[in-house]
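A short worksheet on the structure shown next.
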There are 2 protein chains.
Amino acid sequence: MNVSEIEIFRDFIKKKGLRYTPEREIILKEIFSIHDHFDVDELYLRLRNKGHRISKASIYRTLPLLIECGLVQEVYHEDGHMHYEHIYGHEPHAHFRCLSCRRVEEFQDPRLEEVAQEYAQKYGIDLKMTRFEILGYCANCRGKGGL
Amino acid sequence: MNVSEIEIFRDFIKKKGLRYTPEREIILKEIFSIHDHFDVDELYLRLRNKGHRISKASIYRTLPLLIECGLVQEVYHEDGHMHYEHIYGHEPHAHFRCLSCRRVEEFQDPRLEEVAQEYAQKYGIDLKMTRFEILGYCANCRGKGGL
DNA sequence: TTACTATTGAAAAAAAATTGCAATAAGGTC
DNA sequence: GACCTTATTGCAATTTTTTTTCAATAGTAA
């Protein structure tokens, strides 16, 4: 599908002196076919269901590379493990998570990036990513578990 | 020291029909004596060094309560485990984390709370907490590992 | 094609968090 | 204060997540 992220990843891998393997590309492609957040287990099962026998170890080894080159981001830690999303080609966005139903909504606000940019500029920071989360009880759930 | 968080915690525990135990209070007090981020292991060792034989299980069981009543917050997940901080009595603040030296800096910006408040209002959300993180390479580290 | 060595899958290990259980103790009632 | 009910505790075992080890495989440059 989208060629760009593949090129970015390949260039990144080459530039680091690493090897561009089929496993790495398959993982990348699968991640970019998921239009939602995912965790390692989900990704592993999706690959498996498509006939790819890629180990979880390879997924765990590939994710940091994808994160380092800015294609993927850790979104939030929930239920004892990390959840990810692909971010290349998407505007930076914030997440609301309902503490009751666990629903996750995305939204954007230019002020968030502004704050980050200004802070980075002020302190000479090489900004890599931002994460903004709002936690609370959604309209449907408030009043139930929500105090 | 500060009596308020103790009262808040006790009231919260009572309101839930739970029991206010010495262990819970000791954990609370210790957390509020740490003026930095901490993880479960650090907290456990601090308690142990002071002669308290409180198990990690109790810490793991107490933290969600402290979070639920708004005294403590999960700050970030790093090195495979969660890091916490006490938030009662502090202004909401954002965190910058250097991906190289791991340094963590705090800063405030009213726009962040504004965005959260507006979003909550717009969707009828009962806002519980926000988390804003900036990840990148600090002035000292940029250029080294920082692409 | 050859040589070098990074990467892989599988299994083991490590680390983090949760759970089961018997003993203890909080806190309400008499 | 004694008694009763049951939540909480510490410990150990377990579960879950992530990392590491290692022999076999396979990229990639020469």
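The values are calculated or read from the model by the stated rules, or taken from the named source; none is laboratory data. What you see is a predicted model; the values in this text were computed from it and never measured. Positions of Cβ are generated from backbone atoms using ideal geometry, with glycine treated the same way; all protein chains shown enter the neighbour counts.
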Selected residue (criterion: farthest from DNA strand C (Cβ to nearest atom)) from residues of the stretch A:17-28 that are of a type outside the set (A, V, I, L, M) and in contact (Cβ under 8 Å) with a residue 12 or more places away in the chain: A:E25
Complete set of residues in the stretch A:71-85 that are within 11 Å of DNA strand C (Cβ to nearest atom) and not aliphatic (A, V, I, L, M): A:H77, A:E78, A:D79, A:G80, A:H81
Output for the stretch B:61-89, where each listed residue is surrounded by 15 or more Cβ atoms within 10 Å (Cβ to Cβ), closer than 17 Å to B:R24 by Cα and within 16 Å of DNA strand D (Cβ to nearest atom): B:T62, B:L63, B:L65, B:L66, B:I67, B:E68, B:C69, B:L71, B:V72
So A:E105, is it over 11 Å from the mean Cα position of the chain (by Cα) and farther than 29 Å from B:G124 by Cβ: no
Residue within the stretch B:32-41 that is among the hydroxyl-bearing types (S, T, Y) and surrounded by fewer than 17 Cβ atoms within 10 Å (Cβ to Cβ) present: yes
Of all residues in the stretch B:1-15 being free of Cβ contacts under 8 Å to residues at least 40 places away in the same chain and within 13 Å of DNA strand D (Cβ to nearest atom), the one that is farthest from the other protein chains (Cβ to nearest Cβ): B:R10
Hits in the stretch A:34-55 (condition: more than 17 Å from the chain's Cα centre (by Cα) and within 13 Å of DNA strand D (Cβ to nearest atom)): A:L45, A:R53, A:I54, A:S55
The listed residue being more than 15 Å from the chain's Cα centre (by Cα) and modelled with pLDDT of 95 or more, out of B:I125, B:I67, B:I31: B:I125
Qualifying residue in the stretch A:48-70 (condition: touching a helix residue (DSSP H, G or I) at 6+ places or on another chain (Cβ under 7 Å) and more than 14 Å from DNA strand C (Cβ to nearest atom)): no
